[in-house]
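Colleague: My structure is below; once you've seen it, I'll send some questions.
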Amino acid sequence: MEFQAHEIRDIIKINYKYTMGGQSKFFIELMKNKKILGTKCKKCGKVWMPPRINCSDCYEDTNWLELKQTGTIEVSTIVWYTTSAFIQAIPYGIAFIKLDGAETAFNQGIFSENLVPSKVKKGQRVRAVFQKERQGKMTDFFFVPEEEYERWIKRPEFEGGE
Ligand SMILES: [Zn+2]
């Protein structure tokens with residue numbers, strides 16, 4: 001008689017927490033005060049965003065500083081396939097954005113009223129929009145083309161920063 005394994009589908013639910021460690025201040029300020037903090041190297045002065053606790057160029061400690069909430073797209077793409085967490089948002093853009101005053105770029109979502117490649121291309125000026133209900137996560141904010149900003153922050157679920 002041929003062996004047949006009996007299989008049962010089930011669900012494992014795990015509650016857990018993790019720490020943002022030395023970068024916790026970034027997430028706390030984002031959640032509580034809608035601030036975007038980077039870090040500045042004490043030795044060479046390089047401004048890091050995402051914030052680094054130690055300068056990756058010269059290994060010196062850094063200080064926190066508040067960055068502007070406007071920036072420029074360095075490189076981007078439009079997302080059509082994603083995980084379950086973001087499936088309802090597609091299509092949306094993602095981009096490496098260099099905030100004004102920062103010397104490095106970070107990856108963040110781009111939304112647009114009219115999501116076409118010309119709205120999320122290199123050189124596009126963007127501004128941060130915040131969720132009204134923030135959890136201290138990167139999804140607490142996203143970017144929109146600067147010219148759409150005033151209309152996005154009028155939506156009930158979003159608000160502008162400083
Ligand atoms: Zn440095």
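Colleague: Within the stretch 51-81, count every residue that is within 18 Å of the chain's Cα centre (by Cα) and of a type in the set (D, E, K, R).
Modeller: Residues meeting the conditions: 4.
Colleague: Right, Lys68: over 11 Å from Phe143 (Cβ atoms), in a strand (DSSP E or B) and modelled with pLDDT of 95 or more or not?
Modeller: Details: over 11 Å from Phe143 (Cβ atoms): yes; in a strand (DSSP E or B): no; modelled with pLDDT of 95 or more: yes.
No; evaluated as a whole, the condition is false for this residue.
Colleague: Follow-up. For Gly38, only one of the following conditions fails: (1) of a type outside the set (Phe, Trp, Tyr); (2) more than 18 Å from the chain's Cα centre (by Cα); (3) within 16 Å of the ligand (Cβ to nearest atom). What is its number?
Modeller: (2)
Colleague: Here's something else I'd like to know. Do you know which residues across the stretch 100-137 are outside any strand (DSSP E or B), at pLDDT 95 or above and either more than 21 Å from Leu30 (Cβ to Cβ) or aliphatic (A, V, I, L, M) (or both)?
Modeller: Ala102, Ala105, Lys122, Gly123, Gln124
Colleague: Further, regarding this structure: Among what's in the stretch 21-35 and is among the hydrophobic types (A, V, I, L, M, F, W, C) and either closer than 18 Å to Ala102 by Cα or without any contact (Cβ under 8 Å) to a residue 12 or more places away in the chain (or both), pick the residue that is nearest to the ligand (Cβ to nearest atom).
Modeller: Looking only at the stretch 21-35, we keep the residues that are among the hydrophobic types (A, V, I, L, M, F, W, C), and these are 26-28, 30-31.
Those left that are additionally either closer than 18 Å to Ala102 by Cα or without any contact (Cβ under 8 Å) to a residue 12 or more places away in the chain (or both): 26-27, 30.
On the way: Phe26: 18, Phe27: 23, Leu30: 24 Å.
Checked the stretch 21-35; the qualifying residue nearest to the ligand (Cβ to nearest atom) is Phe26.
Colleague: Taking the criterion of being more than 23 Å from Glu159 (Cβ to Cβ), buried (at least 17 other Cβ atoms within 10 Å of the Cβ) and polar (S, T, N, Q), would at least one residue in the stretch 103-115 satisfy it?
Modeller: Pass one, the stretch 103-115, residues more than 23 Å from Glu159 (Cβ to Cβ): 103-105.
Next, only the ones that are buried (at least 17 other Cβ atoms within 10 Å of the Cβ) stay: 104-105.
Right, trim to polar (S, T, N, Q) and you get 104.
Yes, some residue in the stretch 103-115 is more than 23 Å from Glu159 (Cβ to Cβ), buried (at least 17 other Cβ atoms within 10 Å of the Cβ) and polar (S, T, N, Q).
To keep it simple, each residue is scored yes or no on (1) charged (D, E, K, R); (2) part of a loop (DSSP other than H, G, I, E, B); (3) surrounded by fewer than 19 Cβ atoms within 10 Å (Cβ to Cβ).
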site	(1), (2), (3)
Phe27	no, no, yes
Leu30	no, no, no
Lys43	yes, yes, yes
Pro51	no, yes, no
Asp57	yes, yes, yes
Trp64	no, no, yes
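Colleague: Counting just the residues of the stretch 116-140 that are under 14 Å from Arg155 (Cβ atoms) and in contact with a helix residue (DSSP H, G or I) (Cβ under 7 Å, 6 or more places away or on another chain), which one comes out surrounded by the fewest Cβ atoms within 10 Å (Cβ to Cβ)?
Modeller: At the first step, the residues of the stretch 116-140 found to be under 14 Å from Arg155 (Cβ atoms) are 129-133.
Going one step further and asking which of them are in contact with a helix residue (DSSP H, G or I) (Cβ under 7 Å, 6 or more places away or on another chain), we end up with 129-131.
Working: Val129: 22, Phe130: 21, Gln131: 16.
So, considering only residues that are under 14 Å from Arg155 (Cβ atoms) and in contact with a helix residue (DSSP H, G or I) (Cβ under 7 Å, 6 or more places away or on another chain), the one surrounded by the fewest Cβ atoms within 10 Å (Cβ to Cβ) is Gln131.
Colleague: What's the number of the condition Val75 fails, among (1) surrounded by 10 or more Cβ atoms within 10 Å (Cβ to Cβ); (2) in a loop (DSSP other than H, G, I, E, B)?
Modeller: Here Val75 meets the rest and fails (2).
Colleague: Write out, first by first residue and then by second, each pair whose Cβ atoms fall under 9 Å of each other, whose residues are 6+ apart or on separate chains, and whose first residue, in the stretch 42-63, is near the ligand (Cβ under 7 Å from one of its atoms) while the second is assigned to a loop (DSSP other than H, G, I, E, B) and of a type in the set (Phe, Trp, Tyr).
Modeller: Lys43/Tyr59
The values are calculated or read from the model by the stated rules, or taken from the named source; none is laboratory data. None of the values given here were measured: they were computed from a predicted structure. Quick reminder, even Gly has a Cβ in these numbers, built from the backbone with ideal geometry, and neighbours come from all protein chains shown.
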